[in-house]
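As structure tokens, the structure follows; a few thoughts come after it.
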Amino acid sequence: MIKVSNLSFSYHKAEGPVLSGINLEFDRRSTAIIGQNGAGKTTFVKLLKGLLKPDEGDILIQNHSVKLKTAAELARTVGLVFQNPNDQIFKRTVLEEAMFGLLNIKMGRHTAENQAIKALKLVNLDDKLEMNPHDLSLSEKKLLCIASIVAMDPDIIILDEPTIAQDHAGKKIISQIIKELAEKEKLVMTIIHDMDFVAENFERTIVFNEGKVLLDGETRDVFAQKDILQEANVEAPGITQLAEKLGFEHTILTVEEFIKAVK
Amino acid sequence: MKKIIAQGLKYKYPLAETLALNDISFEVEAGEFIGVIGKNSAGKSTLCQAMVGLVPHFYKGAYGGKVLVDGLEVKQHSIADLSLKVGMVFQNPFTQVTGSKMTVYEEIAFGLENIGLPRDEMLKRIDEVLKLLKIEHVKDHNPFDLSGGQLQRMAIAGIIAMKPEILVLDEPTSQLDPAGSDEVFRAIHELSQQGFTVIMAEHKMEKVAQYCNRVLLLDEGKVAAFDTPEKIFSRDDLESYGVTAPVYTRVCRALGVKNAGTDCYPVTLEDAEMALRGVIK
């Protein structure tokens, strides 16, 4: 769905590249991008979304180069949920916020409203349609931002730090949405620091380190590479570490797997 | 010595129909590191804001009972007076940035300027916190050019520089990578060892279990429990409060393995490893 070749990018030429020599292909597997702050993760997804343009190399999205498309043209195909909901939210009611993107891709008002409400139901905000989004809690704002993008039904959905401020219930909602999108053959990508959430929800994991791809593979295989993870200052999920310390033969990703391995 | 005393604290936001805080009472000793947990809208952020006076002075609304921080009754003192005793790091670091300063260095100086600290002392403290939070390399950057993680470190630095005896932090590491989050927890733990009192609202239960002396479990604006991490996370009814225990506790509970000689399940990686060693061949 996405092909990234030899991608390099810098904000200021003098400070050196933020990303350099990235080659990646994305299929429909749900994918987590992990790595330290400043590794270039957010910059990378902004490039995918066409908000930034590559200095070198190219990104093909469904065989079209992002260089030749505007961010507006890409909006139907690629949806990005911002890290900070306040960067995304600006309308006066929850419903208008969720409808904004839909109206911009020229959907009729009636259909847009239905789509928006359907998406808001997924995140349990359908009882707050008339509320001012700025009166929502941080976790609700984040869910609203997710719903606004899901409503647009793009083929590629990128979530920048979706679990910020979420409690157990909020994480469950997000996990459910990711599952449903995957069933609909969408590509779900996320930038995330919550390794337990990665282990439980994403098939593929890519580790960024200092603007380069350090590891890429099935989540289980990636979390098995203890030494390389350490180099990128990333830790495997707690349960994986516990199993490793106790000398388990296989890499464990969830509590259920751990219990099964013991019994 | 009691650093914080809450007695029957009740609070309702203007126009709200239900109490955000409903008869909250607890006491915190000097130097304690308290974790505040509970599902969203349980009252964690509101309680944090009630410690520094934003509730009720900034938000207004209906208020009952009282909170004493270091002997000052919050309701009777201005936010400015309280800010000398207690500092708060906001949940969203973007909300905390003043927007009036051009560099990280000046941004951190903001609080210090406001309390009229002598220049030499100011410079010394800023350098200290830049180093503590590992953001020296961005000290001349514009705060709005920082990444989410750097911004959050700056927000924490700005408060620690004020050296308030009581630190209130609302999910201070939400934007940080695991290594960064660990660094910040260790730095805050270090401060609590030095005698600072810390109140932290947090969803990362593994961290709460590892660093906090006691845990305040909130539910619908009420105190559901206030006890050691081991006791709190070993509760059978924990899930009914929308809280999941650390992954180590969950696995030990499922296997029925408790800490030797106690009635509690392990809550940290180290304890779980120790408890499970004898059990797993």
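Things to note:
- When the Cα gyration tensor is reduced to axis lengths a ≥ b ≥ c, the ratio a/c stays below 1.5 for the protein assembly as shown, which is therefore classed as rounded.
- Each part reduced to its alpha carbon centroid, the range B:1-40 and the range B:67-85 end up 15 Å apart.
- Counting only residues at least eight positions apart within a chain, or on another chain, the aspartates and glutamates with an alpha carbon under 19 Å from that of B:Lys60 are A:Asp135, B:Glu17, B:Asp23, B:Glu73, B:Asp81.
- Among A:Leu47, B:Leu54, the order by Cβ neighbours within 10 angstrom, fewest to most, reads B:Leu54, A:Leu47.
- For q = 0.16, 0.20, 0.23 Å⁻¹, Debye-computed log10 I/I(0) when each Cα of the range B:86-163 counts as one equal scatterer: -0.48, -0.77, -1.05
- When chain A is treated as a GNM with alpha-carbon contacts under 10 Å, the residue of A:Leu187, A:Leu60, A:Leu102 showing the greatest mean-square fluctuation is A:Leu60.
- Under the criterion of Cα pairs below 8 Å and six or more residues apart, the relative contact order for chain A equals 22 percent.
- Footprinting exposure proxy ranking of B:Arg214, A:Arg29, B:Arg119, fewest other C-beta atoms within 10 angstrom first, gives B:Arg119, A:Arg29, B:Arg214.
- Distance from the range A:143-199 to the range B:207-248 (C-alpha centre basis), Å: 26 Å
- Of interest is the spacing of the C-alpha centroids, which for the range B:118-197 and the range A:35-96 amounts to 30 Å.
- Counting every other Cβ atom within 10 Å of each residue's Cβ, A:Ile105, B:Ile135 order from fewest to most as A:Ile105, B:Ile135.
- Sequence-distant aspartates and glutamates (8 or more away, or on other chains) whose Cα lies within less than 18 Å of A:Lys46: A:Glu25, A:Asp55, A:Glu56, A:Asp58, A:Glu73, A:Asp87, A:Asp155, A:Asp160, A:Glu161, A:Glu210, B:Asp145
- Prolate/oblate/rounded label for chain B (Cα gyration tensor, a/c 1.5): oblate
- Nearby lysines by direct alpha-carbon distance to B:Lys131 (threshold 17 angstrom, same-chain neighbours under 8 apart not counted): B:Lys139, B:Lys163
Read-outs throughout are calculated quantities, based only on the coordinates presented, and are distinct from any laboratory measurement. On a predicted model such as this, the values are computed, not experimentally measured, just so you know. Neighbour counts are summed over all protein chains in view; Cβ atoms, including those assigned to glycine, are modelled from backbone coordinates with ideal geometry.
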